[in-house]
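Peer 1: Sharing a structure with you now.
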Amino acid sequence: MTDSAANDSAPHAAEPQSLLDRFGAALPVALTAIATAFAGLSTSELQQAMFWRSAAAQDQSQAANQWSLAGFKRDRSLIVQTTAAQLRAASGYTPPSFLASDTTTDPNVRAALEWLAGKGPPSAKLPEIKDDNVKGLLQAIQDREAEADLLKRAARISQATINSAIDDAEKANKQIDNEWTVILREAARVVDERTRITPDAHDRATAVIGATAAQAAGFDLENRRYRLEANLNFGIGYLYEARVKVSTAESDRHRERSKTFFYAMLAGQVGATISSLALARKHRSALWLLAGVSGVVAVAIGVYVYVGM
């Protein structure tokens, strides 16, 4: 056997692949990995959107609670206001003289007497909102602007900013409640003492008139107190409503990001499918026909579900 015949019978050495061929072989795997990463990001963003929607629902409940409490206090103030008016009429509009007849040096008792005389409680307000975006959103909510406009405003507010505003308001409300509780307790005690009529009273009619006037003053104080507290609760309710909008805007942002990542995942999967089919077609693999048929079936099912169901 000659050398030429031996060379012809030897297997041909594999031709070295070019850089483009190697890249083409690795492209389906790379695109599949990228598509998987985008799928994970899309799912993560969707979960974030659901979380912020849940947070918005909780804040909506908080806002409703604050407004319900404010409405209860307004209703209560009307009841005690009516009672005070009836008692003043029954006493012949005799003014109570709390301060003139008491020489106590206890500051809480002195404050209670002044409040009963009509000089309290002092004006109570929530801490001033310093962030212009938060102030603008609160005003827009009260002006009943369109929901789309409210969400645009809310998107410019961070969670830390609105959380800080709510925390400051809750702390201020709690501090006011603690400061007023002691004085209101003393006022109730003073009214109770002034409404007691002893059996040995020299002028029972005058004592009854004085007791009725003291009761009217007590109810007047409760009327002023409930109105001031209702305003505080209304303000806190609007802050929670503002956080509803901020959380909703954050949820919408994550939902849009999820949608974009989902489209990127689809693009990656389409690229991986096309490159895989191209490789199979190049090598004349029978899998090319099977993949093509599977793709047509998948598209047909998708169209049927989207249009017909």
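The values are calculated or read from the model by the stated rules, or taken from the named source; none is laboratory data. The shown structure was predicted, so the numbers you read here are calculated from the model rather than taken from an experiment. In this analysis, Cβ positions are derived from the backbone assuming ideal geometry, glycine residues included, and neighbour counts consider all displayed protein chains.
Peer 1: In the set Ser68, Ser123, Ser158, which member is at pLDDT 95 or above and hydroxyl-bearing (Ser, Thr, Tyr)?
Peer 2: Matching residue, one of Ser68, Ser123, Ser158: Ser68.
Peer 1: List, please: which pairs have Cβ atoms under 6 Å, are six or more places apart or on different chains, and start with a residue in segment 47-58 that is more than 14 Å from Arg253 (Cβ to Cβ) and in a helix (DSSP H, G or I) and end with one that is modelled with pLDDT of 95 or more and of a type in the set (Lys, Arg)?
Peer 2: Filtered contacts from segment 47-58: no entries.
Peer 1: Can I ask one more? Scanning segment 126-157 for residues that are of a type in the set (S, T, N, Q) and free of Cβ contacts under 8 Å to residues at least 40 places away in the same chain, which turns out nearest to Leu113 (Cα to Cα)?
Peer 2: Within segment 126-157, the match that is nearest to Leu113 (Cα to Cα) is Gln139.
Peer 1: Do you know which residues across segment 150-163 are loosely packed, with under 15 Cβ neighbours inside 10 Å and either of a type in the set (Lys, Arg) or under 16 Å from Leu126 (Cα atoms) (or both)?
Peer 2: If the condition is that a residue be loosely packed, with under 15 Cβ neighbours inside 10 Å and either of a type in the set (Lys, Arg) or under 16 Å from Leu126 (Cα atoms) (or both), then Asn163 is the only one that fits.
Peer 1: Somewhere in segment 247-263, is a residue at pLDDT 95 or above, within 30 Å of Ala84 (Cα to Cα) and surrounded by 16 or more Cβ atoms within 10 Å (Cβ to Cβ)?
Peer 2: No: segment 247-263 contains no residue that is at pLDDT 95 or above, within 30 Å of Ala84 (Cα to Cα) and surrounded by 16 or more Cβ atoms within 10 Å (Cβ to Cβ).
Peer 1: Looking only at segment 71-86, count every residue that is small (Gly, Ala, Ser) and surrounded by fewer than 17 Cβ atoms within 10 Å (Cβ to Cβ) and tell me the total.
Peer 2: Adding up the residues that qualify gives 2.
Peer 1: Go through (1) at pLDDT below 95; (2) surrounded by fewer than 14 Cβ atoms within 10 Å (Cβ to Cβ); (3) more than 30 Å from Ala85 (Cα to Cα) one by one and return the number of the condition Glu145 breaks.
Peer 2: (2)
Peer 1: While we're on this one: Out of the residues in segment 190-241 meeting the condition of being part of a helix (DSSP H, G or I) and β-branched (Val, Ile, Thr), tell me which one is modelled with the highest pLDDT.
Peer 2: It comes out as Ile236.
Peer 1: While we're here: Select, from Val299, Val244, the only residue that is loosely packed, with under 14 Cβ neighbours inside 10 Å, part of a helix (DSSP H, G or I) and either modelled with pLDDT of 80 or more or more than 23 Å from the chain's Cα centre (by Cα) (or both).
Peer 2: Answer to the check: Val299.
Peer 1: Let me ask something additional. List the residue pairs whose Cβ atoms are under 8 Å apart, where the first residue sits in segment 241-266 and is under 17 Å from Ala155 (Cα atoms) and touching a residue at least 12 places away in the same chain (Cβ under 8 Å), the second is part of a helix (DSSP H, G or I) and of a type in the set (Phe, Trp, Tyr), and the two are 6 or more positions apart or on different chains.
Peer 2: Correct list of pairs: Ser247/Trp52; Thr248/Trp52; Glu250/Trp52; Ser251/Phe51; Ser251/Trp52; His254/Trp52.
Peer 1: Within segment 235-263, take every residue that is touching an Asp or Glu at 6+ places or on another chain (Cβ under 7 Å) and of a type in the set (S, T, N, Q) and give me the one that is farthest from Arg144 (Cα to Cα).
Peer 2: Looking at residues that are touching an Asp or Glu at 6+ places or on another chain (Cβ under 7 Å) and of a type in the set (S, T, N, Q), I get Ser258.
Peer 1: Further question: Give just the number: which of (1) touching a residue at least 40 places away in the same chain (Cβ under 8 Å); (2) at positive phi does Glu186 not satisfy?
Peer 2: (2)
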